[in-house]
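The values are calculated or read from the model by the stated rules, or taken from the named source; none is laboratory data. Everything quoted here is computed from the prediction, not taken from an experiment. All Cβ positions, glycine included, derive from the backbone under ideal geometry; neighbour counts span all protein chains shown.
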Amino acid sequence: MKNLPYIFILLISFAAQAKDNELYSAFKQYSDITKHAETVLPLIPFYSEKQYQSFELYFKHENLKEGIDTLFSRLQFPSVLHNEKSHNEIINKDSGCLVVSGLSQEKKRVSVYLGFVRSYKWLIDYINIEYINDSDDYLNTPICDNEALMKKRMENWQ
Amino acid sequence: MNQSHPNEAQLKIRVFKILEIAYQNDGELTTSIVRSHQPFTLTVTSNGTATLTGKAGKLTFNASEETRSIGFDFKFASLHFLGTQNSQLRYSASFTIGFTNVTFRGNFDVEKFILKCSGLLCIAARLMKDRKNKIDKAIQQSLR
């Protein structure tokens, strides 16, 4: 009984951590399904409907309206992160922004910013792949707005 | 159809080539904008209409050949250039392709760029058989 407060604090901290990582978890789930994309790619004309349905579980519907046959290769964006190093996320009621940083296959520093909207689950609404300049650092705070990100980067350059 | 996302190096070449088209359209105005030491912008829409805007004026031109090279689902490009300093032109770029964006920063030597027809590109064009690919490679090597 003496340890009960400590156990309680430990449980709360686990719960907070899980909540903090909910966008990242959504990203990882999606990332996992794209890992086998290369073997599926030649079969797209035959599997398009099935693939479309599975992508609908991860993306806001409007983003898929061009059709899975044209979008499929673009949806493999997680493969840009060859070596993942860190992630950070912000949630504001029904929207959120996640940044996942690491190295590309060419060993170039890269960050992927993902905007999410809350529906029956978190759905991806925005994707930005940033190749990071040698004089810049990874951003600790995610920014899911192109112009705001460019402005911030240019400020560092002045 | 199943092309993957263009990477930073490929897009930097497109930036260079689009500026080259601006020079071909109006060399005097483009030079004034680029060398004004003032910030300027370049936007390109999905149909290839490019607009270069700076303190010295505004130039609209067609860059559809370059936008087709970026990809069938190219939507928009927005580039912010800082004024030229010590001959270096620095910029921040954002390309919207499908519903994803690719952003990066870059810089290149303006003097070399303006004088390119007596330099790198023209020499490459004269000497090389596979003009397009090899010029792209030559540009890539000159960019950072």
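Filter the range B:1-21 down to the residues that are over 20 Å from A:L75 (Cβ atoms) and either at pLDDT 90 or above or more than 9 Å from chain A (Cβ to nearest Cβ) (or both) and list them by number.
Listed by number, the residues that qualify are B:K12, B:I13, B:R14, B:V15, B:F16, B:K17, B:I18, B:L19, B:E20, B:I21.
Which one is surrounded by the most Cβ atoms within 10 Å (Cβ to Cβ) among residues in the range A:115-142 that are more than 10 Å from chain B (Cβ to nearest Cβ) and among the hydrophobic types (A, V, I, L, M, F, W, C)?
Across the range A:115-142, the extreme among qualifying residues is A:F116.
Being within 12 Å of the chain's Cα centre (by Cα) and either modelled with pLDDT under 95 or among the polar types (S, T, N, Q) (or both) is the filter here; which residues of the range A:97-111 pass it?
A:S101, A:S111
Just to be sure I understand, how many residues within the range A:28-65 are surrounded by fewer than 14 Cβ atoms within 10 Å (Cβ to Cβ), within 23 Å of B:P6 (Cβ to Cβ) and modelled with pLDDT of 60 or more?
2
Could you tell me which numbered condition B:G48 fails, if it satisfies all but one of (1) on the phi < 0 side of the Ramachandran plot; (2) more than 14 Å from every other protein chain (Cβ to nearest Cβ)?
(1)
Between residues in the range A:92-105 that are on the phi < 0 side of the Ramachandran plot and surrounded by 15 or more Cβ atoms within 10 Å (Cβ to Cβ) and residues that are outside any strand (DSSP E or B) and among the polar types (S, T, N, Q), which pairs lie under 9 Å by C-beta distance while being six or more apart or on different chains?
Pairs that qualify, where the first residue is on the phi < 0 side of the Ramachandran plot and surrounded by 15 or more Cβ atoms within 10 Å (Cβ to Cβ) and the partner is outside any strand (DSSP E or B) and among the polar types (S, T, N, Q), are A:C97/A:T141; A:V99/A:N140; A:V99/A:T141; A:V100/A:S31; A:S104/B:N7.
Name the residues in the range A:143-158 that are surrounded by fewer than 19 Cβ atoms within 10 Å (Cβ to Cβ) and assigned to a loop (DSSP other than H, G, I, E, B), would you?
Of everything in the range A:143-158, those that are surrounded by fewer than 19 Cβ atoms within 10 Å (Cβ to Cβ) and assigned to a loop (DSSP other than H, G, I, E, B) turn out to be A:D145, A:Q158.
Can you pull out every residue in the range B:22-55 that is in contact (Cβ under 8 Å) with a residue 12 or more places away in the chain, under 16 Å from B:Y91 (Cβ atoms) and among the β-branched types (V, I, T)?
B:T30, B:I33, B:V34, B:T41, B:T43, B:V44, B:T53
Name the pairs whose Cβ atoms lie under 8 Å apart, with the first residue in the range B:56-75 and within 14 Å of another protein chain (Cβ to nearest Cβ) and farther than 15 Å from B:I33 by Cα, the second surrounded by fewer than 19 Cβ atoms within 10 Å (Cβ to Cβ) and among the small types (G, A, S), and 6 or more positions between them or separate chains?
Listed pairs, sorted by first residue: B:F74/B:S46; B:K75/B:S46.
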